[in-house]
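Heads up, the thing below is written out as structure tokens.
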Amino acid sequence: MRDFIHLHLHSAYSLAEGAIPVDRLAKLCEVSEMPAVAVTDTNNLFGALDVSETLSGRGIQPIIGIQLDFSHPCLVDDLKNDRGGLVLLAQNELGYENLMALASDAYLNAPVEIGPCADFSWLNKRSEGLLCLTGGFDGLISALIDAVKVDEARAALEDLARVFGDRLYVELQRHADRSVVHYEDVLLNFAYENRAGVVATNEPFFPTRADYDAHDALICIAQGAYVYQDERRRLTSDHYFKNADEMAALFSDIPEAISSTIEIAHRCAFRPQTRDPILPRFTALNSANADENETDTEELELKRQAEDGLAARLKEIELAAPEEAYWERLKVELSIINKMGFPGYFLIVADFIKWAKKEGIPVGPGRGSGAGSLVAYALTVTDLDPLRFGLLFERFLNPERVSMPDFDVDFCQERRDEVIEYVQGKYGRDRVAQIITFGKLQARAVLRDVGRVLGMPFGQVDRLCKLVPNNPANPVTLQQAVELEPKLQEERSKDSSVELLITTALKLEGLYRHASTHAAGVVIGDRPLEQLAPLYIDPRSDMPATQFNMRWVELAGLVKFDFLGLKTLTVIDRAVALAASMSVSIDVHALPLNDEKTFGLLGEGDAVGVFQLESPGMRATLKSMKPDSLDDV
């Protein structure tokens, strides 16, 4: 084992700040022969599962941590910052649970306008199973020392020592562009006074020293600044992934600060792992049969609702097959659903759809593979008879391909939130959340952002961006665009500013820039969600979201339900209401699907929509409508 391990590192999940993707981090550890590494992203655990699975899969011990901002009584109002960071590392499962709770509370219980911040007092209940590093130059203790408030810094460190005991380490950093002597003298005295360990960190933000300028541009993108500005945030060229030899040489006079990194890695022998899906208990909320086995109760309840629903459907429709065929298929589907353990999923979806319909909220008839389920049709989850249209249930659920069922449920765009509020009320607001998504610096976007922070003329950057093919269905990377487009190659070779632009953009492409929420995905848990995944608050929403994205939230054990807001349903609902105001009653569920006039209208192209403009007649028809551009129709 090498004699140094990075314990304070920012991956690409430190949005618009960290420039080390998780895959790249694994390669850096392999090249440096570093057997373990701690990822401590700024105020989030976005990458906890990704880091855990990716690094462990490459034979590297992942240490899950966070650099979390805290408010503390010693941080008085006249300081430049009213908060300071601490690095917290999970030693065991309880520590990871406390880490998720602290990361969640920092978003849920702090005013949106000040950003995520934890109260120091929360550590009194949430410190078990955690190791604490005091943070680097921007840490809680250093912020006070920097303000020449040594007594306050000593008091804050004594508070940390009281909470963490021998799990507290005073963090030392040495970067060539910063004076460290003053900090170190004070910090070392504090450590000896409180019998705390000392540990060396380098706080990498980017992979190599050669990536410094590109990372500096990333910082400017995040701040809306320019690289030539004096008054802005700057890091140093030393904030890269140094190897063990470099760190050992840097701290040769304090060898215990290096050996402490190995000690801490041994003390953090834990990583979060993926889980099978955990559905909320529908029967526990809806059934009085408390003495029955919950799974059996769900199966019986699904059987009852499906059989009652199919009986009602068969009285309303023109049968597409003998009635026995419907009942036989229902029996087969129920058997598969129960065998795969998904009766609760069907009951939950059916419950909120029935509620929506009862409240007069327009719901789509069903689409995707879920429309092939007769059970869904019987439960009124869908309104399409799968036997009539020859739809296969096996495309939706198949015992030979075990995966969660997934209904794409469309709701009126204007009333979708009412359905989500109903689900929150039924299962608990702490058990329902949206799902986070991460926006990336894609080819055109990264060119525009880098061009702006470099101060290049907008027209020049815009012209270069338009040379990058824009195909959302099959996105082209910047590297591919440079290789395929001769004009880009020509501009790059003759203009040094364009060369700098492209070189910088290539290093930043694909990094995460910002977080938002998934347009439709909602998770429902059987327990407070922060026990399975940390939570986040989008400043534009008052509903929590998981800190794990779509891929990782399901692997954390949470089940996704799709609540899609569909504008078409809103338009149809308004049209029906408008017709009703003119004493014309329309039942959209009873409209014939073979109406000749409707097909004639569509065939003529005399409608607003997307068409294949192949015939001159259709082009002439559309042109008579005077759209702004035929290419935009």
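As for the range 30-51, it holds at least one residue that is under 27 Å from residue 224 (Cβ atoms), touching a Ser or Thr at 6+ places or on another chain (Cβ under 9 Å), touching a residue at least 24 places away in the same chain (Cβ under 8 Å) and among the aromatic types (Phe, Trp, Tyr).
For beta carbons closer than 6 Å, sequence separation of 6+ or different chains, a first residue in the range 218-240 that is aromatic (Phe, Trp, Tyr) and open to solvent by 40 Å² or more (accessible area, probe 1.4 Å) and a second that is at pLDDT 95 or above and outside any loop (DSSP other than H, G, I, E, B), the qualifying pairs are 226/453. Within the range 558-585, residues that are in contact (Cβ under 8 Å) with a residue 12 or more places away in the chain and part of a helix (DSSP H, G or I) sit with their Cβ atoms under 7 Å from residues that are surrounded by fewer than 16 Cβ atoms within 10 Å (Cβ to Cβ) and charged (D, E, K, R), at 6+ positions apart or across chains, in these pairs: 570/414. Could you run through the range 566-603 and say how many residues are surrounded by 10 or more Cβ atoms within 10 Å (Cβ to Cβ) and either touching a Lys or Arg at 6+ places or on another chain (Cβ under 8 Å) or among the β-branched types (Val, Ile, Thr) (or both)? Summing the residues that are surrounded by 10 or more Cβ atoms within 10 Å (Cβ to Cβ) and either touching a Lys or Arg at 6+ places or on another chain (Cβ under 8 Å) or among the β-branched types (Val, Ile, Thr) (or both) in the range 566-603 gives 8. Restricting the first member to the range 593-612 and to residues that are closer than 22 Å to residue 389 by Cα and part of a helix (DSSP H, G or I), and the second to residues that are modelled with pLDDT of 85 or more and among the polar types (S, T, N, Q), no beta-carbon pair is closer than 8 Å while six or more apart or on different chains.
Residue-by-condition table, conditions (1) in a loop (DSSP other than H, G, I, E, B); (2) in contact (Cβ under 8 Å) with a residue 12 or more places away in the chain:
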| position | (1), (2) |
| --- | --- |
| 370 | no, yes |
| 375 | no, yes |
| 381 | yes, yes |
| 388 | yes, yes |
| 421 | no, no |
| 433 | no, yes |
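Screening residue 357 with (1) basic (Lys, Arg); (2) over 30 Å from residue 577 (Cα atoms); (3) free of Cβ contacts under 8 Å to residues at least 60 places away in the same chain gives one miss only, at (2).
Here is a yes/no grid of residues against (1) farther than 18 Å from residue 441 by Cβ; (2) open to solvent by 40 Å² or more (accessible area, probe 1.4 Å); (3) assigned to a helix (DSSP H, G or I):
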{"position": "459", "(1), (2), (3)": "yes, yes, yes"}
{"position": "462", "(1), (2), (3)": "no, no, yes"}
{"position": "469", "(1), (2), (3)": "no, yes, no"}
{"position": "473", "(1), (2), (3)": "yes, yes, no"}
{"position": "476", "(1), (2), (3)": "no, no, no"}
{"position": "500", "(1), (2), (3)": "no, yes, yes"}
{"position": "506", "(1), (2), (3)": "no, yes, yes"}
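Looking across 409, 349, one residue alone is in a helix (DSSP H, G or I), in contact (Cβ under 8 Å) with a residue 40 or more places away in the chain and either surrounded by fewer than 20 Cβ atoms within 10 Å (Cβ to Cβ) or among the β-branched types (Val, Ile, Thr) (or both). It is 349. When 66, 60, 114, 145 are screened for being at pLDDT below 95, β-branched (Val, Ile, Thr) and open to solvent by less than 30 Å² (accessible area, probe 1.4 Å), only 145 passes.
The residue list 133, 140 contains one member that is under 24 Å from residue 272 (Cα atoms), crowded, with 24+ Cβ neighbours inside 10 Å and not small (Gly, Ala, Ser), which is 133. Out of curiosity, is residue 215 touching a residue at least 60 places away in the same chain (Cβ under 8 Å) and either surrounded by fewer than 18 Cβ atoms within 10 Å (Cβ to Cβ) or within 32 Å of the chain's Cα centre (by Cα) (or both)? In short, yes. Could you check the range 179-207 and list, in sequence order, the residues that are open to solvent by 50 Å² or more (accessible area, probe 1.4 Å) and of a type outside the set (A, V, I, L, M, F, W, C)? 179, 182, 185, 189, 192, 193, 195, listed by residue number. Residues that are more than 30 Å from the chain's Cα centre (by Cα) and within 22 Å of residue 554 (Cβ to Cβ) do not occur anywhere in the range 425-434. Among the residues of the range 568-579, not a single one is small (Gly, Ala, Ser) and at pLDDT below 90. Out of all the residues in the range 370-391, which are buried (at least 19 other Cβ atoms within 10 Å of the Cβ) and among the small types (Gly, Ala, Ser)? Matches in the range 370-391: 370, 371, 372, 373, 376, 378.
Count of the range 533-557 residues, restricted to those that are over 14 Å from the mean Cα position of the chain (by Cα) and either closer than 24 Å to residue 403 by Cα or without any contact (Cβ under 8 Å) to a residue 40 or more places away in the chain (or both), is 3. Say we look at the range 536-565 and pick out the residues that are modelled with pLDDT of 95 or more and aromatic (Phe, Trp, Tyr); which of these is surrounded by the fewest Cβ atoms within 10 Å (Cβ to Cβ)? The residue in question is 552. If you check 426, 440 for being modelled with pLDDT of 90 or more, closer than 30 Å to residue 511 by Cβ and surrounded by fewer than 23 Cβ atoms within 10 Å (Cβ to Cβ), only one passes: 440. Comparison of 257, 244, 248 shows that the only residue that is aliphatic (A, V, I, L, M), in contact (Cβ under 8 Å) with a residue 40 or more places away in the chain and buried (at least 22 other Cβ atoms within 10 Å of the Cβ) is 257. The helices (runs of 4 or more DSSP H) found wholly in the range 73-177 and carrying at least 3 residues that are within 30 Å of the chain's Cα centre (by Cα) occupy 93-108, 123-126. Filter the range 18-47 down to the residues that are among the charged types (D, E, K, R) and surrounded by fewer than 24 Cβ atoms within 10 Å (Cβ to Cβ), then identify the one that is nearest to the chain's Cα centre (by Cα). Selected residue: 23.
Do you know which residues across the range 27-62 are closer than 18 Å to residue 438 by Cα, in contact with a helix residue (DSSP H, G or I) (Cβ under 9 Å, 6 or more places away or on another chain) and polar (S, T, N, Q)? 43, 44 - these are the residues of the range 27-62 that are closer than 18 Å to residue 438 by Cα, in contact with a helix residue (DSSP H, G or I) (Cβ under 9 Å, 6 or more places away or on another chain) and polar (S, T, N, Q).
Considering each residue of the range 266-273 in turn, at least one proves to be open to solvent by less than 30 Å² (accessible area, probe 1.4 Å), under 23 Å from residue 33 (Cβ atoms) and modelled with pLDDT of 95 or more.
When you check residue 171 against the structure, is it among the charged types (D, E, K, R) and open to solvent by less than 10 Å² (accessible area, probe 1.4 Å), yes or no? It is true that residue 171 is among the charged types (D, E, K, R) and open to solvent by less than 10 Å² (accessible area, probe 1.4 Å). Pairs meeting the criteria (first residue in the range 471-488 and in contact (Cβ under 8 Å) with a residue 24 or more places away in the chain, second residue open to solvent by 80 Å² or more (accessible area, probe 1.4 Å) and in a loop (DSSP other than H, G, I, E, B), beta carbons under 9 Å, at least 6 apart or on different chains) are 475/442; 476/470; 477/442; 478/442. Taken over the range 298-316, the criterion of being open to solvent by less than 80 Å² (accessible area, probe 1.4 Å) and either modelled with pLDDT of 95 or more or within 12 Å of residue 378 (Cα to Cα) (or both) is satisfied by 302, 305, 306, 307, 309, 310, 311, 312, 313, 314.
The values are calculated or read from the model by the stated rules, or taken from the named source; none is laboratory data. Since the structure is predicted, the reported quantities are computational estimates derived from the model, not experimental observations. All Cβ positions, glycine included, derive from the backbone under ideal geometry; neighbour counts span all protein chains shown. Surface areas here come from the heavy atoms of the whole protein model, side chains and all, with no ligands, DNA or RNA. Shrake-Rupley method; radii C 1.70, N 1.55, O 1.52, S 1.80 Å.
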